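The next block holds one structure in the form of structure tokens; read it before the comments.
The values are calculated or read from the model by the stated rules, or taken from the named source; none is laboratory data. Here the structure is a predicted model, which means the values were calculated and not measured. All Cβ positions, glycine included, derive from the backbone under ideal geometry; neighbour counts span all protein chains shown. Accessible surface is based on the protein model in full, side chains and every heavy atom, while ligands, DNA and RNA are left aside. Shrake-Rupley method; radii C 1.70, N 1.55, O 1.52, S 1.80 Å.
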Amino acid sequence: MKVGIVGTGGMGNVHARQYRNMKGVDIGYFERSPQRAGSFQSRWEGHLCQSIEELIEWADVVDICLPTDLHPEFALKVIDAGKPMFLEKPIATTLEVAESIVAAADRKGIPLMIGQVVRFFPEYSLARQMVLNGAIGKPAAIRMRRGGPTPAGSSKWFMDHKRSCGVLVDLAIHDFDWLRWTFGEIKFLYSRSLGAQTDQGPDYALTTLTFESGAVAHVESTWMDPGGFRTTFDLAGSEGLLEFDSRKTPALKTSTAESTHLDPSIAPHEDPFYLELHGFLTAVKNGTPPPVSGQDGLAALRISLAALESAKTGKVVYL
């Protein structure tokens, strides 16, 4: 299967690494920057395409790993060509545009998967299954935390919130998706964010969500932690508590003057990004629905944009 990667930045390289671990997968790529294209080629090799049109024609499936504001331009071209598409989260910067992308894919009848990779992390997958199996009884209070230092990105696009929509849409969407997937629909929320008022720079946000079930979740999201990336959750119910902290799990910890890096003790085929992308290719091959649908991606974006609206207005937002 020929996979065409659009964008060779951070996520494009993450995805290329996983495809290189899969048997029977060839990769091609399109990148406007000659410097990034050269760096990508030296790492992963692959078929360099000179235009998005050439890549779409060459590929069996297309994987879009671009800044969020560029998604519509390229996603709609892929859909128009009728090629299955993996699209990184969030789908777009507005709900209207995101709905148009999902609707276009539905009309064409092409497989569309959104990159909500947290569903494939073993701790989160297991915790969800335990919750559904009644391990904590009736869910009552959930606390989640995700973040680290300010992300770089080409041209520092993350710091321009008109392009990334800030931490609530780019980062917290992972937790919002997992919460909805695990605990059901959200009734209303309230959020505060440092970046929501300025639309630029590093961002930190706190969001409280109330579910239709009556459970309450508190989500902390940050691009302002110089101590390194960290995720945690505490899931409390009538019968018990589940806890997780990424800094306390078994891992290889490498500390230098510049940074501290944790390498989880997992085999390549157990990597969450491998599971995510392999799941997509398997669905395309077998003609089955992708593990994360366009509607799932829309629902997560709807929550993120509601949180951003709350942070900007200072008001509770009902979904």
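Answer with yes or no whether Glu53 is at pLDDT 95 or above and open to solvent by 50 Å² or more (accessible area, probe 1.4 Å).
The answer is yes for Glu53.
Of all the residues that make up region 279-293, how many are in contact (Cβ under 8 Å) with a residue 60 or more places away in the chain, open to solvent by 10 Å² or more (accessible area, probe 1.4 Å) and more than 9 Å from Pro111 (Cβ to Cβ)?
Selection size over region 279-293: 5.
For region 300-316, what are the residues that are farther than 17 Å from Tyr204 by Cα, surrounded by fewer than 18 Cβ atoms within 10 Å (Cβ to Cβ) and not charged (D, E, K, R)?
Val316
When you look at Ser193, is it of a type in the set (Ser, Thr, Tyr), buried (at least 20 other Cβ atoms within 10 Å of the Cβ), closer than 21 Å to Phe233 by Cβ and under 20 Å from the mean Cα position of the chain (by Cα), yes or no?
yes
Given the criteria small (Gly, Ala, Ser) and within 20 Å of Met113 (Cβ to Cβ), does Gly9 qualify?
Yes; evaluated as a whole, the condition is true for this residue.
In this structure, is Val62 open to solvent by less than 50 Å² (accessible area, probe 1.4 Å) and assigned to a helix (DSSP H, G or I)?
For Val62, the condition - open to solvent by less than 50 Å² (accessible area, probe 1.4 Å) and assigned to a helix (DSSP H, G or I) - is not met.
Just to verify a result, which residue in region 229-274, among those that are in contact with a Lys or Arg (Cβ under 9 Å, 6 or more places away or on another chain) and of a type in the set (A, V, I, L, M, F, W, C), is modelled with the lowest pLDDT?
Leu262
For region 178-220, enumerate the residues that are under 23 Å from Ile114 (Cβ atoms), part of a loop (DSSP other than H, G, I, E, B) and touching a helix residue (DSSP H, G or I) at 6+ places or on another chain (Cβ under 8 Å).
The one that is under 23 Å from Ile114 (Cβ atoms), part of a loop (DSSP other than H, G, I, E, B) and touching a helix residue (DSSP H, G or I) at 6+ places or on another chain (Cβ under 8 Å): Asp203.
Looking at region 12-58 only, could you name the residues that are without any contact (Cβ under 8 Å) to a residue 60 or more places away in the chain, aromatic (Phe, Trp, Tyr) and within 19 Å of Gly115 (Cβ to Cβ)?
Matches in region 12-58: Tyr29, Phe30, Phe40, Trp44.
Would you mention how many residues in region 121-177 are in contact (Cβ under 8 Å) with a residue 12 or more places away in the chain, open to solvent by 10 Å² or more (accessible area, probe 1.4 Å) and in a loop (DSSP other than H, G, I, E, B)?
Number of matching residues: 12.
Check Lys156, Lys187 and return the single one that is of a type in the set (D, E, K, R) and in contact with an Asp or Glu (Cβ under 6 Å, 6 or more places away or on another chain).
Only one candidate qualifies: Lys187.
Out of all the residues in region 29-42, is one or more open to solvent by less than 30 Å² (accessible area, probe 1.4 Å) and closer than 23 Å to Pro272 by Cα?
Yes - at least one qualifying residue is present in region 29-42.
Could you check how many residues of region 71-95 are open to solvent by 40 Å² or more (accessible area, probe 1.4 Å), free of Cβ contacts under 8 Å to residues at least 60 places away in the same chain and within 24 Å of Asp175 (Cβ to Cβ)?
Going through region 71-95 one residue at a time, the tally reaches 0.
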